[in-house]
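Note sheet for the following structure.
The values are calculated or read from the model by the stated rules, or taken from the named source; none is laboratory data. From a predicted model like this one, the values you see are computed outputs, not experimental measurements. Cβ: placed from backbone, ideal geometry, glycine included. Neighbour counts: every protein chain shown. Each accessible area value is taken on the protein alone, full model and side chains, heavy atoms only, with ligands, DNA and RNA left out. Shrake-Rupley method; radii C 1.70, N 1.55, O 1.52, S 1.80 Å.
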Amino acid sequence: MASSRTRPPDALLTEQVGEVLRAAGVGRDSRLCLALSGGIDSSVLLEILAGLRPRFGYVLAAAHVHHGLSPHADAWCSFCEEVCTRLGVDLSVFRVDVPRNHRAGLEAAAREARHVALGTVAADWLVFAHHQDDQAETVLFRLVRGTGVAGAGAMKACEPGAPGRLRPLLAVRRAALEAYASARSLAWVEDESNADPRFARNYLRHQVLAPLGRVFPGAVAALARAAGHFQAADALLDELAQIDFAACGAEALALEPLLGLSDRRLCNLLRWMVRRRGANPPASVRIHEVVRQLRATAGAPVCLALGADVLTVYRGGVSLTRISSAARSIHWQGEAFLAWGDGRVVIERGIGSGLDGAALAHARAISLTTRWPGLSMRLAANRPRHAFKKLCQEAGVPAWKRDGLPVMQADGEAVWIAGVGFAAEWRCPPGAAGVTPLWLPLDD
């Protein structure tokens, strides 16, 4: 077998891509969709992936996002269609409207629109043509913005998910792609905006990385290698967070052991908890402020904003919950479940439990709604009727959750309050058909 020094660049590059596909477990009938801009990077990767189909047996498609920002956008789209037709690859074209007044700028707006469009693709793997020069640029871009360890880890060659993300060229220099394109006489399109230094990434690429590479020839590879070190460090921090999460009670977090952690470990745990829920953690200054307030309140009930979530302390317990969308009145007509806020109310049926199904069937109007002035309910025949606030206090429902609680109303009367219980007068008799509503918020 020829060594990598004597093998032609196109064959070597094909093997490198194949190694990434094998490591990701791509096989027969896997569905791959390449983000195809028409530039040299994605055009080379399309050619390689098309050629590897017989070896792996996957189904290959491509997606082109038409931003409409360049006068050449239609020509680029036509080029992608022609190439895909030649290679027998199905192409989906997404035409998006990019807002010109995006707070983060036009570059970020286009990237966001592209991600939204590609997120609708039906595939097992979304494939991107990012290469080692892109990785170095991303590390540098994030470092100058003060990113943390996770952000400095930049991109990964393989990110499992639904769909997963593959970057088979991440260890490959752009020069190798140019050599491949030359050897295969490939055509591609050039985006004139890539030379515009007004865009932050272009400035870093042409005005920082290029001269840096002339003084330090190994700079790009070193920055890409540093990304791997940051990824390893981030994985270790995640492992530490999981250890602390379990030690503090896991899904039933207790405040006392939580406050026993050092500030750094507590901040790390909070970041991990937010990321675990699929959200981006807020800025470090906000996380440090949340930790300060947790220690200062000494166990008193508190609700602290943490990005899209809220961290709540109540009766010695700590929970992270999503800020609910505004709830509204919903009429129930026997559905199995009803959307409510950022969750749903599920209706279960059984015998002798929950609400009296026959009584509900005879009610003139049934709805889910929020609390109303004067709402009260009796939980048992031998207990007095209590106001909504008193019922929530007895059930341990903190004040910040009460306005979003679903309340089932039958003919103007409260028959069920989520987290509180059922009205005694509407309880299901033994042996009768019952209806049990359950509220499942997003974090359950």
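Only one of (1) -0.40, -0.53; (2) -0.27, -0.36; (3) -0.21, -0.29 was calculated from the structure for log10 I(q)/I(0) by the Debye sum over Cα atoms at q = 0.06, 0.07 Å⁻¹, and its label is (1). Computed from label points 7 Å out along Cα-Cβ, the spacing between His72 and Ala195 is 0.9 nm. Here the 3J(HN,Hα) profile of the stretch 362-371, calculated from phi with Karplus coefficients 6.51, -1.76 and 1.60 at θ = phi - 60°, is 8, 5, 6, 8, 10, 8, 9, 8, 8, 4 Hz, Gly and Pro shown as x.
Starting from the residue with the highest accessible area, list Val93, Val44 in decreasing order, probe 1.4 Å.
If we order Val93, Val44 from most to least accessible, we get Val93, Val44.
How much length would be gained if the chain were fully extended between Gln333 and Asn382, taking 0.36 nm per residue of separation minus their Cα-Cα distance, in nm to one decimal? Gain in length upon complete extension: 14.5 nm.
Using 0.36 nm per residue of separation minus the Cα-Cα distance, give me the extension gain between Glu15 and Arg53 in nm, one decimal. The partial results should precede the final answer.
Details: separation 38, 0.36 × 38 = 13.68 nm, distance 1.31 nm.
Residue separation times 0.36 nm, minus the Cα-Cα distance, leaves 12.4 nm.
Projected label points at Arg95 and Ala247, each 7 Å from Cα along the beta carbon direction, are separated by 5.8 nanometres. Between Glu178 and Asp342, the distance separating the two model label sites (each 7 Å from Cα on the Cα→Cβ line) works out to 4.7 nm. Here Ser284 and Arg315 are evaluated by their C-beta separation; at R0 = 25 Å the FRET efficiency comes out at 0.30. The accessible surface of the chain, taken with every protein chain in place and a 1.4 Å probe, is 53 percent carbon and sulfur.
Taking the DSSP beta bridges with both ends in the chain, the antiparallel portion is around 70 percent.
Structural descriptor for the stretch 199-309: relative contact order 18 percent, calculated from alpha carbon pairs under 8 angstrom and at least 6 residues apart. A DSSP coil position with no more than 10 other Cβ atoms inside 10 Å describes the following GluC sites (Glu not before Pro) in the stretch 167-261: Glu251. Amide H contacts of Val65 (H built 1.01 Å from N, in plane; Pro and chain starts excluded): Leu36, Phe94 sit under 5 Å, all sequence-distant by 5 or more or on other chains.
Normalised by the number of residues in the stretch 56-97, the average gap of Cα pairs under 8 Å and 6 or more apart makes the relative contact order 56 percent. Calculated over the stretch 15-98, the projected area of the Cα convex hull averaged across directions stands at 5.7 nm². Remark: the stretch 112-126, residue by residue, has Karplus-estimated 3J(HN,Hα) of 5, 4, 5, 5, 4, 5, 5, x, 8, 6, 8, 7, 7, 9, 8 Hz, where x stands for each Gly or Pro and the curve is 6.51 cos²θ - 1.76 cosθ + 1.60 at θ = phi - 60°. His331 exposes around 130 Å² of accessible area when a 1.4 Å probe is run over every protein chain in place. On the basis of the beta-carbon distance and an R0 of 25 Å, Trp400 and Ser367 show a calculated FRET efficiency of 0.55.
Report summary: the helix-based calculation at 222 nm, which adds -39500 (n - 2.57) for every DSSP H run with n ≥ 4 and divides by the residues of the chain, gives -12500 deg cm²/dmol.
Sequence-ordered 3J(HN,Hα) estimates for the stretch 230-240 from the Karplus curve with 6.51, -1.76 and 1.60 and θ = phi - 60° stand at 5, 4, 5, 5, 5, 5, 5, 5, 5, 5, 4 Hz, glycine and proline given as x. The charge dipole of the chain, taken about the Cα centre with unit charges on the Cβ atoms of Lys, Arg (+1) and Asp, Glu (-1), comes to about 980 debye, rounded to the nearest 20.
Please state the relative contact order of the chain as a whole percent: Cα pairs under 8 Å, 6+ residues apart? Normalised by residue count, the contact order of the chain is 11 percent. Computed with a 1.4 Å probe over protein heavy atoms only, the accessible area of Asp263 comes to about 80 Å². Any chance you could give the angle, 0 to 90 degrees and rounded to 10, that helix 9-24 forms with the longest Cα principal axis of the chain? Long axis of 9-24 versus the principal axis of the chain: about 20 degrees. By a 1.4 Å probe calculation restricted to protein chains, Cys303 has an accessible surface near 60 Å², given to the nearest 10. Summarising the amide proton neighbourhood of Trp332: residues at separation of 5 or more, or on other chains, whose placed amide H is nearer than 5 Å comprise Ile366, Ser367, Leu368.
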